[in-house]
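Here the structure comes first, spelled out in structure tokens, and everything after it is commentary.
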Amino acid sequence: MAESGSRGIGRVGVIGAGQMGNGIAHVAAAAGLPVVLVDVNAAALDKARATVAKNMDRQVAKGGLTAAEKDAALARIETGTGMQRLADCDIVIEAATEREEVKLSIFRDVCSVLKKEAILASNTSSIPITRLAAATDRPDRFIGMHFMNPVPVMKLVEVIRGIATSEETFEAVASLAWKLGKITAVAQDYPAFIVNRILVPMINEAVQTLQEGVGDIRSIDAAMKLGANHPMGPLELADFIGLDTCLAIMRVLHEGMGDSKYRPSPLLVKYVEAGWLGRKTGRGFYDYSQEPPAPTR
């Protein structure tokens, strides 16, 4: 592996060109690392490159990057639709949708092309790392690396070791996170780890509070912003995260912990069934077709 100051990680692969994947590619390229961003959808790759360029323009405007550094970082990002492009990567970070069967399919495909010593990481926000690792050919070189959204702005990365994850793998990934300008929180391999174990049940409780008529959407969000000093209300935050992602995490918690307190709110299920997933679909607890967004309930 090429030495890069991150314990041998010199070339980073990212699978999935959505919000999280393009953010991970952004910070890796800005940190001076060559990046290979792969997605089955070529249009998603074009959109991701445009998003990274736009977000880097913001950093240039704020003085966080120079124009020359932005151009150099963008030049470090290669894109492609085939897993074979990842063959020379020292680490590959999977950032696909939060569905276990999708992730397992990706791992089956990518393991066949990765070099033997490459590390495989998942950006999963809730699925047990040990279980994912067991489906690969390298459980000792498999780890959870959960970035927060939006990746270029949020400083935290949760690092989650599976039962088989080696100390060498853990140290390499912790070193990489530091190189990317992130601070790590080490989490044990329990459903939803630290952040989402605490955050998403709070969101679920806010949805249940709405369902029971304790408060309307604006009141619930205002109460938590002004009463608990949260930067976003829980329903506004749910729209930002994606209601489908919130529901997927609650289901992982409910199944993994076997505790009724993690039962997804029926209203959350109803919104997801309606396809009202939040900002990404233009409608969730708020309708984003107007400004300011209007509550939908």
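The values are calculated or read from the model by the stated rules, or taken from the named source; none is laboratory data. Because the structure is predicted, anything quoted here is derived from the model rather than measured. Neighbour counts are summed over all protein chains in view; Cβ atoms, including those assigned to glycine, are modelled from backbone coordinates with ideal geometry.
Brief remarks on what is shown
- Within this structure, residue 85 fails the test of being over 22 Å from residue 175 (Cα atoms), free of Cβ contacts under 8 Å to residues at least 40 places away in the same chain, part of a helix (DSSP H, G or I) and in the same structural domain as residue 172 (by TED's automatic domain parsing).
- Every residue from region 246-268 that is in a helix (DSSP H, G or I) and under 15 Å from residue 206 (Cβ atoms): 246, 247, 249, 250, 261, 262, 266, 267, 268
- Any hit, region 214-230, residues being surrounded by 14 or more Cβ atoms within 10 Å (Cβ to Cβ), within 28 Å of residue 124 (Cβ to Cβ) and under 22 Å from the mean Cα position of the chain (by Cα): yes
- Any hit, region 274-285, residues being among the small types (Gly, Ala, Ser), surrounded by fewer than 16 Cβ atoms within 10 Å (Cβ to Cβ) and in contact with a helix residue (DSSP H, G or I) (Cβ under 7 Å, 6 or more places away or on another chain): yes
- Candidate set from region 206-233 (those that are in contact (Cβ under 8 Å) with a residue 40 or more places away in the chain and assigned to a helix (DSSP H, G or I)); member that is farthest from residue 245 (Cα to Cα): 218
- Those strands (runs of 3 or more DSSP E) of region 89-205 in which 1 or more residues are in contact (Cβ under 8 Å) with a residue 60 or more places away in the chain and within 30 Å of residue 231 (Cα to Cα) occupy 91-94, 142-147.
- Given (1) touching a Pro at 6+ places or on another chain (Cβ under 9 Å); (2) of a type in the set (Lys, Arg); (3) more than 29 Å from residue 130 (Cβ to Cβ), number of the condition residue 49 does not satisfy: (1)
- Unmet criterion (only one of (1) touching a Ser or Thr at 6+ places or on another chain (Cβ under 9 Å); (2) surrounded by fewer than 18 Cβ atoms within 10 Å (Cβ to Cβ); (3) in a helix (DSSP H, G or I); (4) aliphatic (A, V, I, L, M)) for residue 43: (1)
- Residue list for region 149-166, restricted to those being under 11 Å from the mean Cα position of the chain (by Cα) and either within 15 Å of residue 186 (Cβ to Cβ) or surrounded by 17 or more Cβ atoms within 10 Å (Cβ to Cβ) (or both): 151, 157, 158
- Test set (1) closer than 30 Å to residue 239 by Cα; (2) at pLDDT below 95 - residue 5 fails condition number: (1)
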